Amino acid sequence: MKSVKNNKTIQKDGAVVVFSGGQDSTTCLFLAEKIYGKENVIPVSFFYGQRHAKELEAAEKICRRFGFQGISLPLDFLKTITVSSLTEEENPIGTEIPEGENYPNTFVPGRNLFFLTIAGVIAKNAGYHHVITGVSEVDFSGYPDCRENFIRSAEETITFAMDYDIKIHTPLMHKTKAQVWKTAEELGIIDIVYNETVTCYNGIPGEGCGGCPACALRRKGWDEYKAGKY
C-alpha cells in the first residue's frame, strides 16, 4: 500500500473507506466503488497494535487484486494507552461481558475515534467530503463507538475541527449480519467476503476460528442468510 502524500489537487468528490480487511469493511469498500468509482475511493487501514497482522494482509491483498490505491498507517501507540484483549496477547479474548464492566474485553477505547478523524483528514487532503465505515449497532458486541450517536457526534466534530464538510456514512449501521451477507451477494463479492476477509479476532481468514465473538456473529449471520432470513 502507498504512503500518505500531500495532495493539493482537488479531485471530483469521492470517499475514504476505513478498511480493516474484514467482512463489513470489505462490503463497504465495494459499495463505495459502485457509488464513486474505483479511482475516487481511498481505502485506509490501520495497525493499532492488534494481536495479528492477518486482517491487514487481507486488506492489502484485496486492494492489490482489485486495483484500489490503499493507505496503511501505524496507530500502535494505542496499545500503550489502552487495555483490550485485542492488543494484549496475555489477555484472553472473552466471550462474555466481565462482571462490573459495560463491554466485552475486546473493546479498544478510542479506536474508531482515531480511525474516523484520520480518515477525515485524508478526505480533506484529497478534496473529498465522504468517509465510509462499516460499523453497525445491530448484531454487534455493544461497543459505544459503533453506535449512531457517536458517528453523528464525530462527523460534527471533524467538520468543525477542519472547517470542512465531512459526511460519515455507515451503510451497515442498521443491517443484521445476514443482511450484510445479502448486500455482498448483490454486489457480486460474496465469495471474496467469505473466503478472503479476516473477521476473526484470532486472525484466521474466511470462516475463522469459530470460537471468538466475531466469528460467532459472522457465522450466525451466514446461517440466517442461507436460510433466507434477511
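The values are calculated or read from the model by the stated rules, or taken from the named source; none is laboratory data. Note that the coordinates shown come from a computational prediction; the quantities given were computed from them, not determined experimentally. In this analysis, Cβ positions are derived from the backbone assuming ideal geometry, glycine residues included, and neighbour counts consider all displayed protein chains. In case anyone asks, the SASA skips ligands and DNA or RNA and just uses the protein heavy atoms, side chains included. Shrake-Rupley method; radii C 1.70, N 1.55, O 1.52, S 1.80 Å.
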TODO: State yes or no: is residue 133 at pLDDT 95 or above and under 21 Å from residue 61 (Cβ atoms)?
DONE: yes
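Look at residue 106 and say whether it is within 17 Å of residue 48 (Cα to Cα), among the β-branched types (Val, Ile, Thr) and in a loop (DSSP other than H, G, I, E, B). Outline the logic, then answer.
Working: within 17 Å of residue 48 (Cα to Cα): yes; among the β-branched types (Val, Ile, Thr): yes; in a loop (DSSP other than H, G, I, E, B): yes.
Yes.
Somewhere in the range 134-150, is a residue open to solvent by 60 Å² or more (accessible area, probe 1.4 Å), in a helix (DSSP H, G or I), under 27 Å from residue 102 (Cβ atoms) and not β-branched (Val, Ile, Thr)?
In the first step, residues of the range 134-150 are kept if they are open to solvent by 60 Å² or more (accessible area, probe 1.4 Å); the result is 137, 140, 147, 149.
Of the ones still in play, those that are also in a helix (DSSP H, G or I) are 149.
Filter once more, keeping what is under 27 Å from residue 102 (Cβ atoms): 149.
Then keep just the ones that are not β-branched (Val, Ile, Thr); that gives 149.
Yes: the range 134-150 contains one or more residues that are open to solvent by 60 Å² or more (accessible area, probe 1.4 Å), in a helix (DSSP H, G or I), under 27 Å from residue 102 (Cβ atoms) and not β-branched (Val, Ile, Thr).
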Task: Hits in the range 95-109 - residues which are free of Cβ contacts under 8 Å to residues at least 40 places away in the same chain, surrounded by 11 or more Cβ atoms within 10 Å (Cβ to Cβ) and of a type outside the set (A, V, I, L, M, F, W, C) - done: 101, 105, 109
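Mind listing just one residue for me: the one in the range 64-74 that is over 12 Å from residue 44 (Cα atoms) and in contact (Cβ under 8 Å) with a residue 12 or more places away in the chain and, of those, surrounded by the most Cβ atoms within 10 Å (Cβ to Cβ)? Even if it seems obvious, please write down each step before you answer.
Initial filter on the range 64-74 (over 12 Å from residue 44 (Cα atoms)): 64-67.
Checking the rest, the ones that are also in contact (Cβ under 8 Å) with a residue 12 or more places away in the chain come to 66-67.
On the way: 66: 14, 67: 9.
By that ranking, first place goes to 66.
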TODO: Could you list, in sequence order, all residues of the range 181-204 that are of a type in the set (S, T, N, Q), open to solvent by 70 Å² or more (accessible area, probe 1.4 Å) and either in contact with a strand residue (DSSP E or B) (Cβ under 6 Å, 6 or more places away or on another chain) or part of a loop (DSSP other than H, G, I, E, B) (or both)?
DONE: 202
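Any residue at all in the range 20-39 that's hydrophobic (A, V, I, L, M, F, W, C), modelled with pLDDT of 95 or more and either farther than 15 Å from residue 170 by Cα or touching a Cys at 6+ places or on another chain (Cβ under 8 Å) (or both)? Reasoning before the result, please.
Going residue by residue through the range 20-39, those that are hydrophobic (A, V, I, L, M, F, W, C) are 28-32, 35.
Those still in the list that are modelled with pLDDT of 95 or more too: 28-32, 35.
From the residues that got through so far, the ones that are either farther than 15 Å from residue 170 by Cα or touching a Cys at 6+ places or on another chain (Cβ under 8 Å) (or both) too are none.
No, the range 20-39 contains no residue that is hydrophobic (A, V, I, L, M, F, W, C), modelled with pLDDT of 95 or more and either farther than 15 Å from residue 170 by Cα or touching a Cys at 6+ places or on another chain (Cβ under 8 Å) (or both).
Scan the range 6-17 residue by residue and report those that are at pLDDT 95 or above and surrounded by fewer than 24 Cβ atoms within 10 Å (Cβ to Cβ). Steps first, please.
Filtering the range 6-17 down to residues at pLDDT 95 or above leaves 14-17.
If the condition is that a residue be at pLDDT 95 or above and surrounded by fewer than 24 Cβ atoms within 10 Å (Cβ to Cβ), then 14 is the only one that fits.
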